[in-house]
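What follows draws every value from the coordinates through simple rules; no lab data is involved. Predicted model only: the values in this text are computed from it and were never measured. Note: ideal-geometry Cβ built from the backbone for every residue, glycine included; neighbour counts use all protein chains shown.
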Amino acid sequence: MSMENKPNDYVLEINNISVSFDGFYALTDVRTKVRRNTVHFFIGPNGAGKTTLLDIICAKTKPTAGTVMFYPKDKEPVRLTGMKEYKIVQAGVGRKFQVPSVFVNLTVTENMILSLKGHKGIFDSIFHAPTKEEMESIHSTLKRVGLEDRADVRAGSLAHGQKQWLEIAMQLLQKPEIIMLDEPAAGMGKPETFKTGEILKEIKKECTIIVIEHDMDFVKQAADIVTVLHEGKMLMEGSINDVLADKTVQAVYLGRGGE
Ligand SMILES: Nc1ncnc2c1ncn2[C@@H]1O[C@H](COP(=O)(O)OP(=O)(O)OP(=O)(O)O)[C@@H](O)[C@H]1O
Ligand SMILES: [Mg+2]
């Protein structure tokens with residue numbers, strides 16, 4: 001976090017965001033920058049405003065005050081605040097929701113084909129076979145999330161963790177500059193959570209990952225930077241070691257079952 005950073009080091013800028021729901025402030029004056037090709041975690045107790053912040057970035061929720069700026073690589077800055085949600089996705093900011101939304105009766109590869117054809121829809125996927133390049137892209141992406149040997153399996157028969165990785169792979173196919181993940185390791189055991197962390201570290205080479213998570217081992221494993229939210233306000237930001245050593249953060253997390 002030195003002063004030498006060029007503006008282009010950052011892919012997202014959250015400027016003084018506040019959100020009021022009928023007078024209740026879910027977020028108050030939140031400001032931070034997300035550096036390109038990092039895994040940037042947002043952590044904090046339940047109700048801290050983490051999901052609301054992702055809702056603001058993807059314009060599902062309108063802020064009461066503040067703006068979000070997106071700096072796509074080698075392109076003009078884009079003001080995300082006020083944009084249509086689908087335009088934000090097209091601009092290169094993808095989001096994976098907590099509940100997996102894969103087609104359980106289609107194979108892993110078929111789900112990937114659907115995702116690739118995205119905007120053209122399901123009929124195009126049925127009537128136009130993917131090109132050789134598209135199939136290569138699907139295979140290499142599945143490999144990056146460790147699903148290459150599951151390609152012909154029905155998505156419904158995948159383990160919970162594998163479904164999550166498939167969804168991440170489906171996002172990656174759209175070549176987003178930012179992927180947002182809300183508790184990707186929820187419901188996963190330790191080995192799957194660890195593998196998810198390794199996947200994030202692999203894919204950050206090509207995009208930036210914004211992730212919400214409660215599991216501190218997972219945060220330690222994968223975080224480049226951590227922003228702590230509490231009751232809608234930014235408590236602190238820094239490396240995971242700085243965050244864990246912080247007395248205020250420790251106080252906020254006390255009684256949370258040793259997370
Ligand atoms: N649409 C809404 N209307 C009213 N209140 C809301 C709305 N969305 C969120 N809130 C409130 O805003 C606060 C922040 O919610 P948010 O879901 O962002 O928290 P979170 O940090 O993601 O929590 P968790 O860890 O439980 O997922 C909560 O008190 C929540 O009840
Ligand atoms: Mg949440």
**OP:** Work out which chymotrypsin sites (Phe, Trp or Tyr not before Pro) in the chain are exposed loop sites (DSSP not H, G, I, E or B, at most 14 other Cβ within 10 Å) and give the longest gap free of them.
**Re:** 104-259
Subject >> Linear extension gain, Asp217 paired with Glu85, 0.36 nm per residue minus alpha-carbon span >> reply: 44.3 nm
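Are there trypsin sites (Lys or Arg not before Pro) in segment 1-97 that DSSP puts in a loop and that have at most 12 other Cβ atoms within 10 Å, and which ones? Don't skip to the answer; put the middle values down first.
Working: sites: Arg31, Lys33, Arg35, Arg36, Lys50, Lys60, Lys73, Lys75, Arg79, Lys84, Lys87, Arg95, Lys96; in loops: Arg36, Lys60, Lys73, Lys75, Lys84.
Hits after loop and neighbour filter: Lys73, Lys75, Lys84.
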**OP:** Quote the Stokes-Einstein diffusion coefficient, in whole µm² s⁻¹, for the chain, based on the Kirkwood radius over alpha carbon pairs, a temperature of 10 °C and a viscosity of 1.306 mPa s.
**Re:** 83 µm²/s
Original post:
Of Pro184, Met112, Trp165, whose Cα points farthest to the positive end of the dipole of the chain (charges on the beta-carbon: +1 Lys, Arg; -1 Asp, Glu; origin at the Cα centre)?
Top reply: Met112
Original post:
Most fluctuating residue of Lys62, Lys132, Lys233 in a GNM of the chain with Cα springs under 10 Å: which is it?
Top reply: Lys132
Original post:
Using the Karplus equation 6.51 cos²θ - 1.76 cosθ + 1.60 (θ = phi - 60°), what ³J(HN,Hα) coupling, rounded to whole Hz, does each residue of segment 155-161 give in order, writing x for Gly and Pro?
Top reply: 4, x, 9, 6, 5, 3, x
Original post:
Say R0 is 51 Å: what FRET efficiency, to the nearest 0.05, do Glu76 and His160 get from their beta-carbon distance?
Top reply: 0.80
Original post:
What relative contact order, as a whole-number percentage, does segment 55-211 give when Cα pairs under 8 Å and 6 or more residues apart are counted?
Top reply: 25 percent
Subject >> Vicinal HN-Hα couplings computed from phi for segment 138-145 (Karplus, 6.51 cos²θ - 1.76 cosθ + 1.60; Hz; Gly/Pro x) >> reply: 4, 5, 5, 5, 4, 5, 5, 9
Original post:
Ile225's amide H: which non-local residues (gap 5+, or another chain) put their own amide H closer than 5 Å, with H modeled 1.01 Å from N in plane and none for Pro or chain starts?
Top reply: Val39, Phe41
Subject >> Whole-Hz couplings from phi, Karplus 6.51/-1.76/1.60, listed for segment 29-37; x for Gly and Pro >> reply: 6, 7, 9, 6, 10, 10, 7, 4, 6
Original post:
Which residues' amide hydrogens lie under 5 Å from the amide hydrogen of Arg36, considering only partners 5 or more residues apart or on another chain, with H built in the peptide plane?
Top reply: Tyr10, Val11
Original post:
Gly44's amide H: which non-local residues (gap 5+, or another chain) put their own amide H closer than 5 Å, with H modeled 1.01 Å from N in plane and none for Pro or chain starts?
Top reply: Leu229
Original post:
Where is the GNM fluctuation largest for the chain (alpha-carbon springs, 10 angstrom cutoff): Pro45, Pro176, Pro191?
Top reply: Pro191
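Filter the GluC sites (Glu not before Pro) in segment 169-229 to those in DSSP coil with at most 14 other Cβ atoms within 10 Å of their Cβ, and list the result. The partial results should precede the final answer.
Values: sites: Glu177, Glu192, Glu198, Glu202, Glu206, Glu213; in loops: Glu177, Glu206, Glu213.
Filter output for segment 169-229: Glu206.
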